[in-house]
Every structure is written in structure tokens, then in C-alpha cells.
Amino acid sequence: MASILVAGATGFVGRRLVPALAEAGHDVRAMTRNPDEYAGPARPVAGDVADAGSLADAMAGATVAYYLVHGLGSRDFETEDARAAQNFGAAAARAGVRQIVYLGGLGSDRDDLSPHLRSRREAERLLAAAGVPVTTLRAAIIVGHGGISWEMTRELVDALPVMIAPRWVNTRVQPIWIGDAVRYLVGVAEREEALGRTYEIGGADVLTYRRMMQVLGRILNRRPLPVFIAPVATPRASALWLSLITRVDPVTGRNLLESVSNEVIVTDDAITDLVPGPVLGYRQMVLAALRERLAALTGSADDGGEREQHGQ
């Protein structure tokens with residue numbers, strides 16, 4: 001089995017991926033800026049993707065390195081993300097890592113991609129620039145308790161009797177359940193055929209953001225959320241409005257909202273040949289996420305750890 005380093009181990013995806021990798025028999029190291037505070041099932045190692053000098057010891061001996069870091073809370077996140085990806089790819093090459101696994105974002109390169117999605121593409125390129133083969137899994141919204149996009153959606157629907165929304169609510173999206181995303185991430189480790197490949201991952205349903213909110217409204221409030229279109233609404237105005245209703249700060253909100261005009265759906269299902277198995281539909285994943293939230297609120301599940309810098 002592989003010796004695996006996970007950058008972003010304490011975040012939304014990483015907290016689920018680390019135990020899944022350990023259960024699969026891998027020797028897992030959790031890279032964190034605060035190793036003394038880590039309480040997960042892996043061996044903690046100190047490292048910060050923004051600090052190139054901190055990565056050598058963390059990488060030593062690893063054969064596979066997962067990169068789950070993506071910043072959205074900064075106005076200059078594109079520059080910061082590029083530098084971090086370059087640091088990580090170069091350190092992996094020096095350490096002799098054989099595979100980097102990166103969780104990126106869906107969206108067609110033919111479209112005018114948002115800064116958020118352009119940054120994801122640039123990270124793919126920079127991670128591979130030093131020569132280590134990168135396996136990229138591109139996803140849209142990852143549904144699960146603690147995910148930024150999911151929590152923003154849940155808080156909006158829970159708080160509003162009616163939603164006045166921009167035209168982006170009619171954009172199509174293909175969300176994926178966090179458990180299915182983790183299964184795919186685990187499934188590509190040490191797979192020779194996955195080296196240098198990009199895979200698209202998604203759940204069973206393609207639907208619009210409007211439909212997503214209506215389904216969630218019916219589950220939360222026993223009625224679909226009425227959604228009306230406002231013809232003029234800038235990302236800045238929408239982000240400020242979001243910050244009043246949800247816990248998402250305006251900068252993160254704006255960076256996320258600039259992406260919702262891009263259709264993010266799976267156009268190539270090659271991942272299902274490499275990692276076969278059923279995936280949840282949207283209603284199933286909503287119910288599962290709400291169960292996770294209830295368990296966390298009642299103390300029957302550990303929801304600790306740092307919030308990952310991953311913007312899904």
C-alpha cells in the first residue's frame with residue numbers, strides 16, 4: 001500500500017478522505033499548520049503550502065500526495081493559489097512523489113470561466129509543472145455538512161420564505177455527495193492508468209440551482225422555495241446580500257457567485273470505468289447531509305477540525 005500525504009487533511013473533504021485512505025490500508029500523513037492540534041486517524045506532519053520551505057520534511061517518503069487546498073477568502077486568491085500549487089508540485093518532484101491527486105472544479109474550457117474556475121485550471125497546470133503526474137478529479141458542488149457551497153445553499157433556503165435571484169439560478173449543475181467524491185479520490189490512488197488523467201465526477205442528477213433550492217425547500221420547510229428572477233444583480237451586490245443572511249463572508253461569497261453562471265456538469269464518465277459503483281441523487285444527498293448536521297449538533301459525531309480552504 002502507498003505512503004500518502006494529504007494537504008488539506010483537516011478540511012471538509014480531507015476530514016473524510018484521511019480515514020477512508022487509512023481504512024483502505026494506506027499509511028497516511030495529515031499535513032497541517034498545527035500538528036499538535038490534530039486528532040484524526042493519520043500521523044500529523046507540519047507543513048504549509050504557502051511556505052515552500054516547510055514542505056520537504058512533510059513530503060519525505062511519500063509516494064502519493066493529495067492536494068485539497070483552494071482559497072476563496074482572499075481578494076488575491078488567484079495569485080496565492082498559483083504560488084501554493086507551484087510550491088507543492090516542486091516539493092513533490094524533489095521528494096520523488098509518484099502521483100499527485102488534485103480535486104478541481106468542473107466547467108468547460110470553451111466557456112468564459114470565472115476567476116474561481118480559472119484558478120482551478122491553473123492549479124492543475126502548476127502542480128504538474130515540475131514533472132510529477134497529476135490525477136485531477138473535477139467536481140461541482142460537493143454536498144455534505146460543512147461544505148461552503150452546500151451550507152450557503154442550506155442557510156439561504158432555511159432563512160427565506162421567497163427568493164429574488166439573478167438569472168444564474170437557471171444554470172445547470174451536477175452536485176455530488178461527499179461520500180461519493182471521497183470514494184473516487186481513494187479509488188485513483190496508485191492507479192497507473194490514472195496518472196496524468198483528468199476525470200469528471202458528479203452525482204446522479206443534473207438540475208438547475210433553482211431546482212436545487214426548491215427540492216431543499218420542500219425537505220426543510222415542506223414546501224418548495226418560490227424563486228423569482230431579478231434581471232439586474234451584480235456578484236458584489238449578491239455577495240453582500242448573502243453575508244447578511246448566511247455565515248459566508250462577502251469576499252468568499254463573491255468569489256463563489258462569480259462561478260454560478262458557468263454550467264458545471266459531467267460530460268465524460270470515464271471515472272466510472274476506473275472506480276465503478278452507484279452514486280447518490282440530489283434528494284438522497286440532501287437527506288444525508290441533514291442527518292450529518294443533526295449528528296454534529298447533538299454531539300453524536302465529531303465535526304472538529306479546521307475549515308479547509310476548498311471552495312466547494
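The values are calculated or read from the model by the stated rules, or taken from the named source; none is laboratory data. As the structure is a prediction and not an experimental result, all values here were calculated from the model. Backbone-built Cβ (ideal geometry, glycine too); neighbour counts: all protein chains shown.
Some points to look at:
- Matching residues in the stretch 80-107 - criterion: being more than 17 Å from the chain's Cα centre (by Cα) and at positive phi: Gly96
- Any chance Val45 is outside any loop (DSSP other than H, G, I, E, B), in contact with a Gly (Cβ under 8 Å, 6 or more places away or on another chain) and of a type in the set (Val, Ile, Thr): no
- Residue in the stretch 221-239 that is assigned to a helix (DSSP H, G or I) and modelled with pLDDT of 80 or more present: yes
Residues checked against (1) polar (S, T, N, Q); (2) crowded, with 18+ Cβ neighbours inside 10 Å; (3) in contact (Cβ under 8 Å) with a residue 60 or more places away in the chain:
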| residue | (1), (2), (3) |
| --- | --- |
| Gly14 | no, yes, yes |
| Gly25 | no, no, no |
| Asn34 | yes, no, yes |
| Gly53 | no, no, no |
| Ala58 | no, yes, no |
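- Only one of the numbered conditions (1) touching a helix residue (DSSP H, G or I) at 6+ places or on another chain (Cβ under 9 Å); (2) of a type outside the set (Ser, Thr, Tyr); (3) surrounded by fewer than 23 Cβ atoms within 10 Å (Cβ to Cβ); (4) under 19 Å from Gln174 (Cα atoms) is violated by Leu103, and that is (3).
- Any hit, the stretch 59-66, residues being closer than 25 Å to Met152 by Cβ, under 17 Å from the mean Cα position of the chain (by Cα) and either in a loop (DSSP other than H, G, I, E, B) or not aromatic (Phe, Trp, Tyr) (or both): no
- Here Glu308 clears all of (1) at pLDDT 95 or above; (2) surrounded by 15 or more Cβ atoms within 10 Å (Cβ to Cβ) except the condition numbered (1).
- In the set (1) at pLDDT 80 or above; (2) surrounded by fewer than 17 Cβ atoms within 10 Å (Cβ to Cβ), the condition left unmet by Asn262 is number (2).
- Filter result (in contact with a Lys or Arg (Cβ under 6 Å, 6 or more places away or on another chain) and touching a residue at least 40 places away in the same chain (Cβ under 8 Å)) within the stretch 36-51: Val45
- Among residues of the stretch 83-94 that are touching a residue at least 60 places away in the same chain (Cβ under 8 Å) and surrounded by 20 or more Cβ atoms within 10 Å (Cβ to Cβ), those with a beta-carbon under 8 Å from a residue that is part of a helix (DSSP H, G or I) and not small (Gly, Ala, Ser) at least six positions away or on a different chain give the pairs Phe88/Leu55; Phe88/Leu127.
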